[in-house]
Amino acid sequence: MSARPAAPWYVHPSQDAAAWRRLVEGCGLAFAVINVHNGPGTEPDPAYRAALADGSATRLLGYVDVAYGARPVRAVLAEAAEWRARYDVRAVFLDQVPSTLRAGAWSLEVVDALRAADCELVALNPGTVPHPDVVRVADVTCVFEGTVGQHARAQYPAWLNASRESGVWHLIHSCPPWRQQAALRRAARHGAQFAWATAGKPPNPWQQLQKRW
């Protein structure tokens with residue numbers, strides 16, 4: 001069994017209009033994270049508005065950077081509100097989340113505040129296995145982000161493998177096409193409900209979509 005595909009969809013609608021049509025019509029992804037410009041951007045993007053004018057059959061999450069706790073909570077909440085107001089995206093993906101319970105402006109109360117502001121789903125990305133309470137409070141947590149070689153060697157605590165209360169997500173890059181299905185199956189064996197594998201490489205691996213999507 002493989003983990004369900006869930007993707008960082010960091011491709012601008014004007015760069016790949018066909019891919020965006022597949023996304024909004026429903027292409028089999030559990031969800032996709034969209035990112036105008038390190039978040040919703042400083043002003044509405046007409047291309048995103050046009051692409052999302054009729055809504056999306058795929059659940060979309062708006063990208064918000066937490067900067068490992070360096071960003072004020074009010075800035076995080078403001079960007080979540082911009083995703084709703086500009087694009088009617090009512091779920092958020094918080095990137096660069098600390099793996100600890102508190103760091104700078106970050107604490108688990110940020111997730112509570114987002115839900116109180118009507119966020120329908122909150123996904124967190126520490127990129128590594130965090131404190132168990134981080135996984136518990138989120139709807140989805142990315143506990144691995146790295147190369148396919150690192151993924152093959154990664155070890156996970158028993159509590160995470162046994163966890164089914166929240167969704168666990170793996171993001172695997174630098175993964176040749178012929179290794180991608182095996183990577184998704186390996187993610188599922190390690191308790192991930194969601195995963196994504198791409199041949200893309202740093203510094204921007206998630207801008208390369210798999211051809212079948």
Which value in deg cm²/dmol, rounded to the nearest 500, describes the helix-derived mean residue ellipticity at 222 nm for the chain, given -39,500 (n - 2.57) per DSSP H run of n ≥ 4 and division by the residue count?
-9000 deg cm²/dmol
Of the candidate values [x] 16.8, 56; [y] 18.0, 65; [z] 16.3, 46, the one computed for Rg and Dmax of the Cα atoms in Å from this structure is [z]
For the chain, size of Cβ-based charge dipole, Lys and Arg +1, Asp and Glu -1, in debye
880 debye
Relative contact order, percent, segment 4-207 [alpha-carbon distance under 8 Å, six or more residues apart]
17 percent
Which three semi-axes in whole Å describe the equivalent ellipsoid of segment 126-213, each the square root of 5 times a Cα gyration tensor eigenvalue, listed largest first?
23, 13, 11
Would you work out which of A18, V97, N161 lies farthest towards the positive end of the dipole of segment 4-207, given +1 charges on the beta-carbon of Lys and Arg and -1 on that of Asp and Glu, about the Cα centre?
N161
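Could you tell me what % of all Cα pairs in segment 21-64 have separations over 14 Å?
Values: 462 of 946 pairs.
More than 14 Å apart: 49 percent of the Cα pairs in segment 21-64.
A short reminder: the numbers here are calculations on the coordinates, not readings from a lab. The model shown is predicted, which means the values in this text are computed figures rather than measured ones. As a convention, Cβ positions derive from the backbone with ideal geometry for all residues, glycine included, and neighbour counts pool all protein chains shown.
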